Amino acid sequence: MLDQCRSQASGGCFQNLLDKIENITNQELPLDTVTEILTMTINASEKILESSSSVSPAELASYRNRVLKTSEKLISTLVKPTDTSANVSFTLPTVEGQVFMVGPHVTLDKIPRLHTTNSSVDIDLIGIAKNNNKGSAAVAFMSYNTMENLLKPDFFNTPNDTVKTMMSTVISVTLPKTTNTKLTKPVNFTLKHIRDSNPSGSLSCVYWNTSEWIVDGCSVLKTNRSYTVCSCVHLSTFALVQTSSSLDSDPQLDLLTWVSVTLGLLFFSLGLLIFALCRWTPMSDWICGHSRCVRLVPKGYVRELSGSSTGNASDVSDVDSKPTTSKVSQEKHCNITLSLERMNQNTNTSA
């Protein structure tokens, strides 16, 4: 059937394939086959989302659960009998997975932490195996890189004025081909934040219960800027969701506002300083014609000097005119300059 679906690439063939997978019991499949069907399943879910406007909410909800069930069934086919311990792992663009198996003669005190790129799991698989008749148990751990598009954080039931953000990849943990699945200890998940968090927001460890995200049996153990550790008393499909009030501002927007205000105050202060210097600093500019110079000096006095404009200070005489106003305006500065020019022209004419 897989060969037929490869060649036909029809939706009906793929649906039939999913039906077969859901009916799997103890079958074993090679890793290559499992990863290929997983890739087909995730890609098909993306196409369903693209056409979600033509799919009813009930059909979309049914498909979400079917994708999860199919993925868990597929990864269960990687479990094989072992006397001691064994593990299988894979990494695909859309999903990562790891299966760890222990047998009746396992020599480990506890199994190693199960890892994917953005998450990890600590589970007491040795204790679970001891509670099974055959002394065997297996755990399957998957991390979906694109599943948040299908299992949106909006399905987390909160007040209407709450903004909900998916802060981790969606992960799934099951105990395939294990008779007694009762946990001996809570399971701890370490979830890497896939986006920046809102400092005023609240983090919740949630699990999927076929129609929505809920928190029953899960809690946050600790968190920092990069990771959050969740603890749950049962296994399921999990994620980390952040909730914040719609009135809370965006941290990046707050930073931009702070920078803008700081720069505005800086330039405003600089403008005030320049204005003060221009207003209170006395003017002392020389305005010279061919034979006379006028200098604007402190306290508004106009000092007129006779002599060559190119001579030394000792070669000219100066007489203080009447004081002007406290400040010599730019207009008076220009009038003086024009008067000097006329005076120089009259002197040249006389000569």
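The values are calculated or read from the model by the stated rules, or taken from the named source; none is laboratory data. Since this is a predicted model, take the numbers as computed values, not measurements. As a convention, Cβ positions derive from the backbone with ideal geometry for all residues, glycine included, and neighbour counts pool all protein chains shown. For accessibility, only protein heavy atoms count, side chains too; no ligands or nucleic acids. Shrake-Rupley method; radii C 1.70, N 1.55, O 1.52, S 1.80 Å.
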Kindly list, by first and then second residue, each pair from a residue in the stretch 217-238 that is farther than 11 Å from residue 188 by Cα to a residue that is part of a loop (DSSP other than H, G, I, E, B) and open to solvent by 60 Å² or more (accessible area, probe 1.4 Å), limited to pairs with Cβ atoms under 6 Å and residues at least 6 apart or on different chains. 217/233
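Sort through 124, 109 and tell me the only one that's more than 17 Å from residue 171 (Cβ to Cβ), exposed (fewer than 14 other Cβ atoms within 10 Å of the Cβ) and among the acidic types (Asp, Glu). Walk me through how you get there before you give the answer.
On the way: 124 fails: exposed (fewer than 14 other Cβ atoms within 10 Å of the Cβ).
The conditions single out 109.
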Looking only at the stretch 152-173, count how many residues are under 19 Å from the mean Cα position of the chain (by Cα) and part of a loop (DSSP other than H, G, I, E, B). 4
Among the residues of the stretch 67-95, which ones are within 32 Å of the chain's Cα centre (by Cα) and either open to solvent by 50 Å² or more (accessible area, probe 1.4 Å) or in contact (Cβ under 8 Å) with a residue 60 or more places away in the chain (or both)? 67, 68, 69, 71, 72, 75, 89, 91, 93
Residue 36 - would you say it is modelled with pLDDT under 80, within 24 Å of residue 92 (Cα to Cα) and open to solvent by 40 Å² or more (accessible area, probe 1.4 Å)? no
Subset of the stretch 129-163 (residues that are small (Gly, Ala, Ser) and touching a Lys or Arg at 6+ places or on another chain (Cβ under 9 Å)): 136, 137, 138
Can you find, within the stretch 200-218, the residue that is farthest from the chain's Cα centre (by Cα) among those that are farther than 13 Å from residue 237 by Cα and outside any loop (DSSP other than H, G, I, E, B)? 204
Could you grab me the full set of residues in the stretch 134-164 that are at pLDDT 95 or above, out of contact with any helix residue (DSSP H, G or I) (no Cβ under 7 Å at 6 or more places or on another chain) and either surrounded by fewer than 17 Cβ atoms within 10 Å (Cβ to Cβ) or of a type in the set (A, V, I, L, M) (or both)? 138
